[in-house]
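**Student:** Dropping the structure in here first, questions after.
The numbers here are math on the coordinates, done by the rules we state, and not lab data. As the structure is a computational prediction, the values presented were derived from the model and not from experiment. Here Cβ is always computed from backbone atoms with ideal geometry, including for glycine, and neighbour counts include all displayed protein chains.
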Amino acid sequence: MSLPRPLRLLLLVALLPVILLALVHVLAWNPAAREEADVSCTGQVAQLQPGQALKVMTWNVQYLAGKRHVFWYDLPGGDGPDERPSSADLVRTLDEVVRILRDEQPDVVLLQELHDNAKATDYQDQLALLQARLADLYPCSSQAFYWKSAFVPHPRILGSVGMKLGTLSRFQIARAERLQLPMLASNLLSRPFQLKRALLVSYLPIRGGGELAAINTHFDAFAQGEDTMQRQVEMTDGLLRQLQQAGQPWVLGGDLNLLPPGQFEHLPDDQRSWYAADSELQDLARRYPMIPSLLQASGVDQARWYTHYPNDPAASGPDRTLDYLFYSPRLTPLASQVRQDDTLAISDHLPVIGRFFIPSQE
């Protein structure tokens, strides 16, 4: 016996939320708090040597989009005109990133905002594209997603997303792990589609014993009014303390979306709402050496250490520091810089470079 039509309609309406939640669950990506990350090494790969020099670069490459666009999320209010780079932009920017990496030839490269299977970038696997062009320099890599969904129902996306951290290395990576960072607060429907920021920890063996931990990350943005940034800093600090207690050398690099003290006041008023006047960065800067140092990033020559050039027509050049290298006190610093002169048209972030001595065996 069939149900009366009004009852059938009522039942369908009642089931719609369940169907919607089931669909969201199918489309969602829910990584574990701690999980193994993908590592690839080809051929016989050398190990780090005690006492050797090590050159490290961190760079948010902005999914190879270049600097010819103002994207929808780039302006306060989310009303930027552009939704994606052109295919020509992607080709041009890949060439430019390869040029910089071949010129600098860092031993370890920590890259953020690499797309993989995203509608906005022609479904490219951008880490694979870089590996193919740089295989002679970087036989090893590790990677970890921090945004992934088959479909995001945002009106400016309406398609698949995929974004990951990628680490390239001239030296052997024995293993890597992905550690989930604390997330922004969100509702039940939007949470599955939001970014799930992470730490990508790659372990590079040192000949004769021990390992160097190379940590790659990209902290949240647009998080003011919540304690998300503080919780991400605290979790990162907890990992660094564990490595310190174990006597293990480490280097951490990435786009932290945190200002150093003294730069908040230099920002235009409409940009300040994205940051805390009393920056959460200080909790890390007080405990660990970093590039740029607080003195460099807040002093009279701070412009040399700006790492972010906003995709905003009002910005005429880099105007703030958001990207850093932190390093273990067991590493001896040799040199550091932000490469600004020929990178301004490649990404909205600039590469930060540090050179260190790895400790000799005791």
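**Student:** Compute, for segment 26-139, the length of the dipole vector about the Cα centre, with Cβ point charges of +1 (Lys, Arg) and -1 (Asp, Glu) only. Units Debye, rounded to 20. Could you put the intermediate results ahead of the total?
**Tutor:** On the way: 10 positive and 18 negative charges, 42 e Å.
Dipole magnitude for segment 26-139 comes out near 200 debye.
**Student:** Taking the Cα-to-Cβ direction at Leu344 and at Trp274 and moving 7 Å from each Cα, how far apart do the two end points lie in nm?
**Tutor:** Result: 1.9 nm between the two label points.
**Student:** I've got another one for you. Given 5 Å bins starting at zero, what is the percent of C-alpha pairs of segment 161-308 in each, up to the one with the largest pair distance?
**Tutor:** 2, 8, 16, 19, 19, 16, 11, 6, 2, 1, 0
**Student:** Report the residue, chosen from Thr343, Thr307, Thr217, that carries the largest GNM mean-square fluctuation when the chain is represented by alpha-carbon nodes joined by springs under 10 Å.
**Tutor:** Of the options given, Thr343 has the highest mean-square fluctuation.
**Student:** Measuring from label point to label point, each 7 Å out along Cα→Cβ, what is the Ser186 to Glu35 span in nm?
**Tutor:** So the two model labels end up 1.6 nm from each other.
**Student:** Would you please give the FRET efficiency between Ser316 and Ser87, computed as 1/(1 + (r/R0)^6) with r the Cβ-Cβ distance and R0 = 25 Å, to the nearest 0.05?
**Tutor:** 0.35
**Student:** Which chymotrypsin sites (Phe, Trp or Tyr not before Pro) from segment 101-200 combine a DSSP loop assignment with at most 15 other Cβ atoms within 10 Å?
**Tutor:** Details: sites: Tyr123, Phe145, Tyr146, Trp147, Phe151, Phe171, Phe193; in loops: Tyr123, Phe171.
Here the chymotrypsin sites (Phe, Trp or Tyr not before Pro) that fit, given the DSSP loop and packing criteria, are Tyr123.
**Student:** Work out the length of the dipole vector of the chain about its Cα centre, built from +1 on the beta-carbon of each Lys and Arg and -1 on the beta-carbon of each Asp and Glu, and round it to the nearest 20 debye. The partial results should precede the final answer.
**Tutor:** Numbers: 32 positive and 40 negative charges, 197 e Å.
Roughly 940 debye for the chain.
**Student:** Counting Lys and Arg as +1 and Asp and Glu as -1, each charge on the Cβ, what is the dipole of segment 150-221 about the Cα centre in debye, to the nearest 20?
**Tutor:** Details: 9 positive and 3 negative charges, 24 e Å.
Computed about the Cα centre, the dipole is about 120 debye.
**Student:** When DSSP assigns beta bridges and you keep just the ones with both residues in the chain, what percent turn out antiparallel, to the nearest 5?
**Tutor:** Working: 58 of 71 bridges.
If we restrict to bridges inside the chain, about 80 percent are antiparallel.
**Student:** Then there's this: Over the chain, what relative contact order in percent results from Cα pairs under 8 Å that are six or more residues apart?
**Tutor:** On the way: 784 pairs, mean separation 74.5, N = 362.
About 21 percent, as a whole number.
**Student:** Across the chain, how many lysine pairs, 8 or more positions apart or on different chains, have C-alpha atoms separated by under 20 Å? Please give the number.
**Tutor:** Working: Lys67/Lys119; Lys119/Lys148; Lys119/Lys164; Lys119/Lys196; Lys148/Lys164; Lys148/Lys196; Lys164/Lys196.
Value for the chain: 7.
**Student:** Determine the calculated [θ] at 222 nm for the chain from helices alone, applying -39500 (n - 2.57) to every DSSP H run no shorter than 4 residues and normalising by the residue count; nearest 500 deg cm²/dmol.
**Tutor:** Details: 6 runs with 76 residues, N = 362.
Helices in the chain give a 222 nm mean residue ellipticity of -6500 deg cm²/dmol.
**Student:** GNM, the chain, Cα, under 10 Å: largest mean-square fluctuation among Gln302, Gln232, Gln52?
**Tutor:** Gln52
**Student:** Now for a different question. Using the Cα gyration tensor of segment 271-312, with a ≥ b ≥ c the square roots of its eigenvalues, what is the shape: rounded (a/c below 1.5), prolate (a/b larger than b/c) or oblate (neither)? Display every interim value, and only then the final one.
**Tutor:** On the way: a/c = 2.11, a/b = 1.22, b/c = 1.73.
Judged from the Cα gyration tensor, segment 271-312 comes out oblate (a/c at least 1.5, b/c at or above a/b).
**Student:** Report the label-to-label distance for Gln282 and Phe222 in nanometres (one decimal), using points 7 Å from each Cα along the Cα→Cβ vector.
**Tutor:** 2.8 nm
**Student:** Please say if the chain is rounded, prolate or oblate, where rounded means a/c under 1.5 for a ≥ b ≥ c the square roots of the C-alpha gyration tensor eigenvalues, and otherwise the choice is prolate for a/b larger than b/c and oblate otherwise?
**Tutor:** Values: a/c = 1.69, a/b = 1.47, b/c = 1.15.
In terms of gyration-tensor shape, prolate.
**Student:** Taking the alpha-carbon centroid of each part, what is the distance from segment 236-303 to segment 304-362 in angstrom?
**Tutor:** About 12 Å separates the Cα centre of segment 236-303 from the one of segment 304-362.
**Student:** How long is the gain from Arg99 to Tyr73 if the chain were fully straight, where each residue apart is worth 0.36 nm and the alpha carbon distance is subtracted?
**Tutor:** Values: separation 26, 0.36 × 26 = 9.36 nm, distance 2.81 nm.
That works out to 6.6 nm of additional length.
**Student:** Which shape class applies to segment 240-339: rounded if a/c is under 1.5, otherwise prolate when a/b exceeds b/c and oblate if not, where a ≥ b ≥ c are the square roots of the Cα gyration tensor eigenvalues?
**Tutor:** Numbers: a/c = 2.39, a/b = 1.85, b/c = 1.29.
Prolate, since a/c reaches 1.5 and a/b exceeds b/c.
**Student:** Moving on to the next point. Which residue, Gly208, Ala276, Gln230, has the largest displacement toward the positive end of the dipole of the chain when charges sit on each Cβ (Lys, Arg +1; Asp, Glu -1)?
**Tutor:** The listed residue farthest towards the positive side: Gly208.
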